[in-house]
Amino acid sequence: MSHSASGGARRLLIMRHGEAAPGVVDHARPLTPRGEQEVGVMARWLAMRTEQGELECPVVYASPFVRAQQTARLISDALGCPLQTLPLITPDDRPSIVSDWLLRLPDDGPVMLVSHMPMVGELTGLLVDGSTNRGVGFPTAAIAELEADVWAAGCAQLKHFTQPSQLL
């Protein structure tokens, strides 16, 4: 198993997109003004932490859905971090596929996934508890921060869980 240069655990941030407008075509639903505001709150908080050296700039991976792309763009712009689209983190995808993808990633710094319920909750449950049944409830724009030596079921620790209302 590879470890980061610091020799410590690897870090993963799992974020749910901001509040989105209702719509018939799910993948096209945009953020609401409130959704943009709550993502902005989280983006400023993450930027402050990276400036203070508490958090390395993550590579941000977003679901292809509009609301996740908008959320991820706000985060990556605030942090100056690279942004990529990851097709396998839509609401219909399976968390086990994502954990397999994480296992194959080179260990070159923290990763942030911007996705949807139920994916964000089930993936957090899988990595921390080893089961998707005990998924974590994620308010919009909430971020779970996990650490692990290896991204396998039940091997991660939930270090922080932060939602916009805690920062206002």
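Bear in mind that the values in this text are calculations on the coordinates, not laboratory data. Note that the structure is predicted; figures quoted are calculated from it, not measured. Using ideal geometry, Cβ is built from the backbone for each residue, glycine included, and neighbour counts are taken over all protein chains shown.
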Q. Percentage of Cα-Cα pair distances in region 26-111 greater than 17 Å, rounded to whole percent?
A. 53 percent
Q: For A62, enumerate residues with amide H under 5 Å from its amide H, sequence gap 5+ or separate chain, H modeled in the peptide plane.
A: Q84, T85, L86, V114
Q. Based on Cβ point charges of +1 for Lys and Arg and -1 for Asp and Glu, what charge dipole magnitude is obtained for region 10-167 about its Cα centre, in debye rounded to the nearest 20?
A. 260 debye
Q) In nm, what is the difference between 0.36 nm times the number of residues separating N133 and L167 and their Cα-Cα distance? A) 9.4 nm
Q. Amide H neighbours of K159 under 5 Å, counting only residues 5+ apart in sequence or on other chains, H built in-plane at 1.01 Å?
A. E145, L146, E147
Q: Choose one of L158, G135, T124: the residue whose Cα lies farthest towards the positive end of the charge dipole of region 101-168 (beta-carbon charges +1 Lys, Arg; -1 Asp, Glu; about the Cα centre).
A: G135
Q) In whole percent, what relative contact order does region 1-152 give with Cα contacts below 8 Å and a gap of six or more residues? A) 35 percent
Q | Gyration tensor over alpha-carbon atoms, the chain, equivalent ellipsoid semi-axes in Å | A | 23, 19, 14
Q | Calculated [θ] (222 nm, deg cm²/dmol) that DSSP helices of n ≥ 4 give over the chain, each run adding -39,500 (n - 2.57) | A | -10500 deg cm²/dmol
Q. Considering only the chain, what is the antiparallel percent among its DSSP beta bridges, to the nearest 5?
A. 50 percent
Q: Take every Cα-Cα distance within region 92-168, group them into 5 Å bins from 0 onward, and report for each bin the whole-number percent of pairs it holds.
A: 3, 16, 28, 28, 16, 7, 2, 0
